[in-house]
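First comes the structure, then the notes that go with it.
The values are calculated or read from the model by the stated rules, or taken from the named source; none is laboratory data. Only a predicted model underlies this, so the values are computations on that prediction, with no experimental measurement involved. Every residue, glycine among them, receives a Cβ derived from its backbone with ideal geometry; neighbour counts consider all protein chains shown. Accessible surface areas use protein heavy atoms only, side chains included; no ligands, DNA or RNA. Shrake-Rupley method; radii C 1.70, N 1.55, O 1.52, S 1.80 Å.
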Amino acid sequence: MIQSFNLDDSIRKVVDFPHKGILYYDITSILTNPEAFSWCIDEMCAYYRDKNIDAVAGVESRGFIFSAPFAKAMGIPLILVRKAGKLPGVTLKKSYQLEYGKAEVEIHQADVPVGKNILLVDDLLATGGTMGAAVELLTMGGAQVKHIFGIIGLPFLGYADKLPGIEIKTLVDYNSESV
């Protein structure tokens, strides 16, 4: 594992995307940097190694990128949290509010390990809407979500307020999305 690494240097910042005045934090530049990507997975594994995580759930689509190698490294199951209409089996669904409307996520009901501890993963934590819906889905399925992980956190948008009682870990936090 790399002892010291400045992840901020590997995150692309895009001015005025998706709207004027917004500073977008883009993780795709981490994926093109093998050292940065490996560091992220190594940090996840080191942090959660002794946390009694039974499975990991990745949120579509960038949460998949980080949760899949983590699941493999830890030897635990991977659960996919998908946008509505993408899964063929019996699903659990949850609607939630976005800044600009509504969205819905779902999981295969059979994939949720009843009574087990799930780590929920996405690339960026902002308002907490998607993660809150995913927590509700996993809880409806009988699992427990005690931990949430994100590469980037935007704590000024209040995600922690929507996720009470859950330990949240991010690798880098930013205190603004304004230019």
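In this structure, is Ile27 under 18 Å from Ile11 (Cα atoms) and of a type in the set (A, V, I, L, M)? Yes: the conditions hold for Ile27. Restricting Ala68, Ala73 to those that are over 14 Å from Asp123 (Cα atoms) and small (Gly, Ala, Ser) reduces the list to Ala73.
Among the residues of region 167-179, those identified as surrounded by 15 or more Cβ atoms within 10 Å (Cβ to Cβ) and in contact with a helix residue (DSSP H, G or I) (Cβ under 7 Å, 6 or more places away or on another chain) are Ile168, Lys169, Leu171, Val172. Taken together, the residues in region 76-93 that are modelled with pLDDT under 95 and under 10 Å from Leu138 (Cα atoms) amount to 0.
Ala73 meets the conditions (1) open to solvent by 60 Å² or more (accessible area, probe 1.4 Å); (2) farther than 17 Å from Ile168 by Cα; (3) in a loop (DSSP other than H, G, I, E, B) in every case but one. The failed one is (3).
Among all positions in region 30-53, there is no residue which is in contact (Cβ under 8 Å) with a residue 24 or more places away in the chain, assigned to a strand (DSSP E or B) and open to solvent by less than 60 Å² (accessible area, probe 1.4 Å). Restricting region 103-118 to residues that are open to solvent by 50 Å² or more (accessible area, probe 1.4 Å) and within 19 Å of the chain's Cα centre (by Cα) leaves a set whose member that is modelled with the lowest pLDDT is Glu104. Which of (1) open to solvent by 10 Å² or more (accessible area, probe 1.4 Å); (2) in a helix (DSSP H, G or I) does Ala134 not meet, given it meets every other one? Exception for Ala134: condition (1). Within region 59-69, identify whether any single residue is over 12 Å from the mean Cα position of the chain (by Cα), at pLDDT 95 or above and either open to solvent by 60 Å² or more (accessible area, probe 1.4 Å) or more than 13 Å from Lys116 (Cβ to Cβ) (or both), and answer yes or no. The answer is yes, given that some residue of region 59-69 is over 12 Å from the mean Cα position of the chain (by Cα), at pLDDT 95 or above and either open to solvent by 60 Å² or more (accessible area, probe 1.4 Å) or more than 13 Å from Lys116 (Cβ to Cβ) (or both). Any residue that is under 18 Å from Ile27 (Cβ atoms), open to solvent by less than 30 Å² (accessible area, probe 1.4 Å) and either among the acidic types (Asp, Glu) or in contact (Cβ under 8 Å) with a residue 60 or more places away in the chain (or both) - is there at least one of those in region 80-93? No. Of the residues making up region 131-151, one or more are under 22 Å from Leu31 (Cβ atoms), β-branched (Val, Ile, Thr) and modelled with pLDDT of 95 or more.
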